[in-house]
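The values are calculated or read from the model by the stated rules, or taken from the named source; none is laboratory data. The structure displayed is predicted, hence computed values, not measured ones. Cβ: placed from backbone, ideal geometry, glycine included. Neighbour counts: every protein chain shown.
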Amino acid sequence: MTRQVALLRAVNVGKRQVPMARLRQLMAEDGFEDVVTFLQSGNVVFADGGRTAERNGTRLEKLIEDEFGFAVEAVMRTHRQLDAVIAHNPLP
C-alpha cells in the first residue's frame, strides 16, 4: 500500500476550523488507514487503501463538508509525486 498526502486548502483560518483530532477520527471511521496530521496545518498523510489519490480526495472533501459545513479543496499527492516536487524545488 502506498502513502498519500492531502494538502487541505484554507482550513483553520477564520471560521473554517477543522480540528485535526476530529479529522483523524472521521477518516479512520471512513476506512482511511494510518492517518497522521501535522500540527493544525491541514496536511494529512495516510495509506491509500488501494484507491487513487483522486478518489481519496473526493472522499475526504465530502467528509469535511458533511462534518464541518463548508467546502474544502484537498490537493492530493502520492508519495512519489511529492518526492518529485521536492526534487525539482527551484529554491535551495
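Quick rundown of the values:
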quantity	calculated
Flag for Glu65 being modelled with pLDDT of 90 or more, within 11 Å of the chain's Cα centre (by Cα) and acidic (Asp, Glu)	no
Tally of residues being surrounded by 14 or more Cβ atoms within 10 Å (Cβ to Cβ) and in contact with a Gly (Cβ under 9 Å, 6 or more places away or on another chain) across segment 32-50	2
Answer from Ala74, Ala53 - the residue that is touching a residue at least 60 places away in the same chain (Cβ under 8 Å), surrounded by 14 or more Cβ atoms within 10 Å (Cβ to Cβ) and closer than 19 Å to Leu26 by Cα	Ala74
